[in-house]
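The values are calculated or read from the model by the stated rules, or taken from the named source; none is laboratory data. Treat the numbers as computed from the prediction; the structure is a model and nothing was measured. Every residue, glycine among them, receives a Cβ derived from its backbone with ideal geometry; neighbour counts consider all protein chains shown. The protein model used for the area step is the full one, side chains on, heavy atoms only, and it has no ligands, DNA or RNA in it. Shrake-Rupley method; radii C 1.70, N 1.55, O 1.52, S 1.80 Å.
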Amino acid sequence: MAIEFNGQSITTDKEGYLTRVDDWQPELAKVIAETENIQLTDDHWEVVNFVRNFYLEYKTSPAIRALIKALKAEFPEEKANSRYLYRLFPKGPAKQATKIAGLPKPARCI
Amino acid sequence: MISNNRIAIVNTATTFDDFKAKEALDLALIFASYEMPVALFFMADGVFQTKANQNPEGIGNKDFIATFKALGFYDIDDIYICQEDMVERMIEGELSVDGAEILPRTQFKQTLNNYDLVLTF
Amino acid sequence: MANLHIVRSSGFTHNKLRQCLQTLMAADQIILIDDGVYNASHPDMMPLLNTHKVYALQDHIQARGLTPVPSGIELCQYDDFVALTIGSDKVITWQ
C-alpha cells in the first residue's frame, strides 16, 4: 500500500503504517491523521512528537503503558493519563499516535 | 492470560546470534505489556549484550540494544548480570542497560531460582 | 606457505576457536569476523598474539562495542579482508 503525497508514492504496510521511518515529515502527518479522522491540534502534536522522539531514542514504538509512564516523566499529570490520550486518539493512543508519527505499530498494543 | 507467575528471561547468546537476543527482548516487552512480572538475566555470552556503545546499524541490523534504555517504562526493573561471566569476557565500564545488578554466580543462580517460569535464549 | 583462518563464532560458547588453534601452522594468519570478533579478548588468544598475525574486521568489532581491542589485534576493512584472502594459499573458515 502507499500514500500519494507531493507527487511521491510513500509505501506503508497494509494497516497504513509507514514502511520507512525516514519518509515521515510533519506535512505527511496531517495526511495520515485525516485518514484516522483526526484534526491535529497542538495537543495532538505534543504526543505525536513525543512518540517520534521516543522511537528515535529507543528504537521501539511505545505501547500504551510505556507511553503513559514516559509522558509522566516530562508532562504534568493531566497530560499523562489514559483518559486524556484517548480523548485525543479515540481508537487507541499508542496505535494512532505512532501511525501519525510515521512509526511502526507497537507490538501487542491497543 | 494474566497470572502471578514470575517470569525470568535468560540471555545466553551474543547480540547478533541468530536473532535470539532480539526475540528475548520482544518477548519481555510482550509479557510486560500484559502486566506480567518479568526479569532479565544475562549470563555466558549473553553478557556481551550488556556492553555499551554497540552499533548494530553499522552492520545493517536494527539497533534493538537501544531499547534496553526504555525497559524502565515497561516496568522491567529486575535485571541481573553474572559477574564471573563478565570478568571472563573482560566487560567493564558503561553498560547498555540501566539499573542492572551485577551478581556473583552463587547469588545469580539463587535469584534465578526464585522465578516460576524460566525461558532461555 | 601460509593459510588464512577465518573465525566466525565466539570461543566462549563454541569450540571453533579451539579447533582453529589446534590446526594452526607457524606462518598462518587469523581474521576474526562476525561473532568471532569476541575472541579478541579470549584467554586462548593472548599467547597467540606474539607469534601470529591476528586481524579483526573493524565494522564487526564496532557493531559489538568492542573497541578498543587488545594491542596485537589489527583492525581491518573489507578490502583488506579480500586482499588477505587472495594472498593466502588456502582459506579455512571456522563457523
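Taken over the C-alpha atoms, the range B:15-80 has Rg and Dmax values of 11.8, 34 angstrom.
List the longest stretch of chain A that has no exposed loop site; here a site is one of the GluC sites (Glu not before Pro) assigned by DSSP to anything other than H, G, I, E or B, with at most 14 other Cβ within 10 Å.
By the stated rule (loop sites, at most 14 other Cβ atoms within 10 Å), A:16-73.
The chymotrypsin sites (Phe, Trp or Tyr not before Pro) of the range B:30-118 that meet both conditions, a loop assignment by DSSP and at most 16 other Cβ atoms within 10 Å of the site Cβ, are B:34.
Once the 1.4 Å probe is applied to the protein heavy atoms, chain A comes out at 54 Å² accessible per residue. When the residues A:21, C:37 are ordered by accessible surface, computed with a 1.4 Å probe over the protein chains alone, the sequence from largest down reads A:21, C:37.
How big is the shadow of the Cα convex hull of the protein assembly as shown, averaged over all directions, in nm²? Write down the numbers at each step before the final one.
Numbers: hull surface 80.5 nm².
The orientation-averaged projected area of the Cα hull of the protein assembly as shown comes to 20.1 nm².
Using a ≥ b ≥ c from the Cα gyration tensor of the range B:7-120 (square roots of the eigenvalues), is it rounded, prolate or oblate, where a/c under 1.5 gives rounded and otherwise the larger of a/b and b/c decides, a/b for prolate? Oblate, because a/c is 1.5 or more while a/b does not exceed b/c. Alpha carbon centre of the range B:2-43 versus the range A:1-63: separation in Å? Measuring centre to centre over Cα atoms gives 29 Å. Rolling a 1.4 angstrom probe over the protein heavy atoms with all chains in place gives the range C:3-94 an accessible area of 45 Å² per residue. Legend: mean number of C-beta atoms from other chains within 10 angstrom of residue C-beta atoms, peptide B:66-76, equals 5.
Both chains summed, the buried accessible area for B and C stands near 1300 Å², from protein heavy atoms and a 1.4 Å probe. Shown here for the range B:47-92: GluC sites (Glu not before Pro) in loop regions (DSSP other than H, G, I, E, B) with at most 16 other Cβ atoms within 10 Å, namely B:92. Think of a 1.4 Å ball rolled over the protein heavy atoms: the range B:1-107 then has 43 Å² of accessible area per residue. Quick one: longest stretch of chain A between exposed loop trypsin sites (Lys or Arg not before Pro), exposed meaning at most 11 other C-beta atoms within 10 Å and loop per DSSP? Looking at chain A, A:21-110 is the longest stretch - no exposed trypsin sites (Lys or Arg not before Pro) with at most 11 other Cβ atoms within 10 Å. With the Kirkwood sum run over all distinct C-alpha pairs, chain A has a hydrodynamic radius of 13.8 Å. The amide H of residue C:92, built 1.01 Å from its N in the peptide plane, has C:4, C:5, C:6 as neighbours under 5 Å, considering only residues 5 or more places off or on other chains.
Inter-label distance, residue A:82 to residue B:118: 3.4 nm, where each label sits 7 Å from its Cα along the C-beta direction. Remark: the range B:25-39, residue by residue, has Karplus-estimated 3J(HN,Hα) of 5, 4, 5, 4, 5, 5, 4, 5, 6, 8, 6, 8, x, 9, 10 Hz, where x stands for each Gly or Pro and the curve is 6.51 cos²θ - 1.76 cosθ + 1.60 at θ = phi - 60°. Heavy-atom surface analysis with a 1.4 Å probe gives the protein assembly as shown a carbon and sulfur content of 49 percent of its accessible area. For the range C:12-58, list whatever residues lose no less than 40 Å² of accessible surface once every protein chain is in place, relative to that chain by itself, with the probe at 1.4 Å. Correct list: C:12, C:35, C:38, C:41.
Taking amide hydrogens as placed 1.01 Å from N in the peptide plane, the amide H of residue C:14 sits under 5 Å from that of no residue at least 5 positions away in sequence or on another chain.
Mean silhouette area of chain C, derived from the convex hull of its C-alpha atoms and averaged over all directions, reads 5.3 nm².
For a straight C-alpha distance cut-off of 20 angstrom, the lysines reachable from residue A:59 (same-chain residues fewer than eight places away being disregarded) are A:69, A:72, A:95, A:99, A:105, B:20, B:22, B:51, B:62, B:69. Only helical runs count toward this figure. For chain C, summing -39,500 (n - 2.57) over DSSP H runs of n ≥ 4 and dividing by all residues gives -7000 deg cm²/dmol at 222 nm. Once both labels are positioned 7 Å from their Cα atoms along Cα-to-Cβ, the gap between residue C:46 and residue A:57 label points is 4.0 nm.
Residues of the range A:66-105 that bury at least 50 Å² of accessible area once all protein chains are present, compared with their chain alone (1.4 Å probe, heavy atoms only, ligands and nucleic acids left out), are A:69.
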